[in-house]
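Everything on this sheet refers to the single structure shown next.
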Amino acid sequence: MYISLLMIVTSFIAVEWRQLTGAVYTYQVQSVLIALIFTIYAHSLHNPALYYWAAMALLSKGILVPWLLRHYVVKVHPVETEPMLSTSLSQICGFALVMVTFWWVFTHHAQLVILPSLAGEPFRTNLAVAAAILVIGFYALLTRRNAFKVVIGLCLVENAIHLSLVSLAPSIAETAIIGVVTDVVISVWLLLYIVANVYRATGSTDTFNLQKLRG
Amino acid sequence: MTESTLLIGLFSVPALAAVLEYSLGRKLPELTGKIGIAGATATSGLALALLRKLFTGGSLDALDGQLRADALSGLVAVVVSFVGLAAMLFAYPYLRHEVVKGKFPAERLRNYYALSLVFISTMTAVTVMNNIIMMYVLVEATTLASALLVTFYGTPEALEAGYKYLLLCSVGIALGLLGCVVLYSAAVPFVGGIKAMEISEIAKVAHQFPPLVALAGGMLVIIGFGSKAGFVPFHAWLPDAHSQSPSPVSAMLSGVTLKVAIYAIARIATIFYPGHSALGLFCVILGAVAMLFGILVAFHQTDLKRMLAYSSVSQIGYIIMGLGLSSYLGFYGAVYHLLNHALDKSMLFLCSGALLYACGTTSIAELGRKKHSSLLAVCFFIGAFAISGVPPLNGFWSKFAIYTAAAQAHLWWAFGIALFTSLLTVAVLIRVGYTIFLQENEHEEEPVAPAPVRAETAPALAAAGGGAQAFAQQWDEFLPDALSPNREGETEVRVSYPFGMIAVIVVMAGLVIVSGLNLGFLHHAIDLSVQALLHQMAGG
């Protein structure tokens, strides 16, 4: 349970840390935490398929995606472009949104979950955490101008959805796991590839410069 | 051929062709593109065989229920593979011409064909997928396969379009995954384990789901896959991606990728209509907003491809409204309009590609100052009339079914918006057609009607080989002065299109006309598809 609360903290840091390499490291820590949660689930539910899930998550989110992110961040520009809102205001807005979401899922958990084995703790906290991270990810997507921060936001959204996937339906098949994980890695890689090309063409990773096409 | 090989072949044949295309393309550059066309032809053949097999109703299963096809799958697979084939055939002379003009190096041709084949493969795979999580994986895979096609030219604008496309669709579809997960987890207690991932199994137990779960799951699926289908307000990627990608890719994106996402919604969300009329109403409202917004924005576009893209946003609105009405007629209109829009809009995008080929621009005003082949004009107007729903053509019948369904459901506001949008569509498309093809040279249009593309087969073949250089230089040189409207003798030096390009457009225009002729087999195929949807709604 403390692990999942730590995940909210790491998401905040990943969004707010201006030094992009630091943000990527924070994301990596969070992904390792996710893999740890999956392992704990596997142990408490006696479901060996979840160990497999945990290994896949560690490989893709803990190693591959951060490696890709770092590779491109170092190549391009390691400091974030000024976001749209000032830091303190941005933190207050984000925090309020997260609290509301967390509280709603926490109190409505019984209506969302059907399997009796998945009711109660730690699933309740974890699902609420997943919802909170989802909101943080969307918040990053909407307010950040730096393309890398936007990609990190997308990664947070994906993490949140995978956490909710395991909290709601742990008995997922291997083919689906491989498919979902491959999709995530490829989409991050393609996005970074395009961002690097944008940087080469325009000399910036500020998404405000990407407004030639309008109307 | 057994059932399972047919279903698996449908997506593995183009995937295999992609591998061949990529690996052989380096050693044998003269084969580049031909393998692609062969692969796309084989896929169309398989899709037709599949539809024929399903023509007596029922469904086919493979891989222990993971793959499943009914008439709706067959119909969408035929549309996907056919538009894919048309785009491949069109791309062959078109891209070679661009290589000659120096827009990109010839080595990248094989990347284009290989990616296109992967793109077709992912789309056909969606049509036969019965696993709800894999459905998400494949719809996301269509985005991934096409993202590099959108950025193919590598210009800053194309990169911007690709970035928006990839980001918005990935985030949107992530919500779709959340919806799929919610629905799957709800089905686990009733079906158990891995079987609960099969859409056909979920349909059987859908009525037992708790209301909040069914509603939240359905909404997330509609919004998530809807962002890929270009629903307002998630459409921002659509006009950019459509206008910046190579024209054959625009045709595929608009013609079939949007339809594949709609297909996923039709497969999953309609299951929950009976218990939750709010979902249906949600779709009708989304459809009404999309159709009106799309056409109003299309009205003041200055770029032909952007205008067509916004018109696609509007036409998708009709399909989703038809799906939301959830009656026989509504579904009939939706499935029929899905087919019609795929044919009409991909034809119109190929027309815009031909215009770009000849004039080097897609700006409506600049195109209006030049002279164009009248055969192309006829095709453009057939497409424009068809998509606006002018009576004898296919678009009219599908829209008519949707109007009638809206009236039957006593949703008069929806009926009014749909009718009003249709009138606006006529105005927008005819205005554009008039500006491009008729304005200023309407007097000269009559005498040269019959043979604008006469004997241009040779350049088509030449364009493929080395002779293209001379040919391209020749008309690049006389283009600027010869085509200015107030010059004598311009009819002699009309721009000539490769035979292949015009043939594809003419054949598609022919299909647009044919599909409007209330043909028995077409009606039967649509009827079976609608029955499949209704059957699924009634609990599979």
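Conditions (1) in a helix (DSSP H, G or I); (2) out of contact with any Leu (no Cβ under 8 Å at 6 or more places or on another chain), marked per residue:
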site: A:Gly137; (1), (2): yes, no
site: A:Leu141; (1), (2): yes, no
site: A:Phe148; (1), (2): yes, no
site: A:Val151; (1), (2): yes, no
site: A:Glu158; (1), (2): yes, yes
site: A:His162; (1), (2): yes, yes
site: A:Ile172; (1), (2): no, no
site: A:Ala176; (1), (2): yes, yes
Does at least one position in segment B:84-100 carry a residue that is β-branched (Val, Ile, Thr) and under 22 Å from B:Tyr497 (Cα atoms)? yes
Any idea which of (1) modelled with pLDDT of 90 or more; (2) surrounded by 14 or more Cβ atoms within 10 Å (Cβ to Cβ) is the one B:Trp413 doesn't satisfy? (2)
Candidates B:Arg68, B:Arg52 - the one that is at pLDDT 85 or above, more than 23 Å from B:Ile505 (Cβ to Cβ) and touching a Ser or Thr at 6+ places or on another chain (Cβ under 8 Å): B:Arg68
Of (1) modelled with pLDDT of 75 or more; (2) crowded, with 20+ Cβ neighbours inside 10 Å; (3) within 17 Å of A:Val166 (Cβ to Cβ), A:Ser4 satisfies every one except (1)
Exception for A:Arg145 within (1) in contact with a strand residue (DSSP E or B) (Cβ under 9 Å, 6 or more places away or on another chain); (2) at the interface with chain B (Cβ under 9 Å from one of its Cβ atoms); (3) surrounded by fewer than 24 Cβ atoms within 10 Å (Cβ to Cβ) falls at (2)
Scan segment B:108-121 and report the pairs whose first residue is under 18 Å from B:Ala86 (Cβ atoms) and whose second residue is outside any helix (DSSP H, G or I), with Cβ atoms within less than 6 Å and a gap of 6+ or a chain change. B:Tyr113/B:Gly33
If you scan segment B:280-289, which residues turn out to be over 14 Å from B:Leu533 (Cβ atoms) and buried (at least 21 other Cβ atoms within 10 Å of the Cβ)? B:Val284, B:Leu286, B:Gly287, B:Ala288
Out of B:Val182, B:Val256, sole residue that is β-branched (Val, Ile, Thr), buried (at least 23 other Cβ atoms within 10 Å of the Cβ) and within 13 Å of another protein chain (Cβ to nearest Cβ): B:Val182
Selection count where residues are away from chain A (no Cβ under 11 Å), in a helix (DSSP H, G or I) and crowded, with 22+ Cβ neighbours inside 10 Å, scope segment B:220-235: 7
Only one of (1) within 19 Å of the chain's Cα centre (by Cα); (2) facing another protein chain (nearest Cβ under 10 Å); (3) buried (at least 24 other Cβ atoms within 10 Å of the Cβ) does not apply to B:Leu148, and that is (3)
For segment B:191-219, name all the residues that are more than 9 Å from chain A (Cβ to nearest Cβ) and either in contact with a strand residue (DSSP E or B) (Cβ under 9 Å, 6 or more places away or on another chain) or among the aromatic types (Phe, Trp, Tyr) (or both). B:Val191, B:Glu198, B:Ile199, B:Ser200
Output for segment B:388-418, where each listed residue is among the β-branched types (Val, Ile, Thr) and closer than 22 Å to B:Phe282 by Cβ: B:Ile402, B:Thr404, B:Ile417
Output for Cβ contacts, cut-off 7 Å, separation at least six or different chains, first residue facing another protein chain (nearest Cβ under 10 Å) in segment B:290-309, second among the aromatic types (Phe, Trp, Tyr) and crowded, with 20+ Cβ neighbours inside 10 Å, reads B:Val297/B:Tyr310; B:Gln301/B:Tyr310
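The values are calculated or read from the model by the stated rules, or taken from the named source; none is laboratory data. Source: prediction; values computed, not measured. Cβ sites come from the backbone with ideal geometry, for glycine too, and all protein chains shown count toward neighbours.
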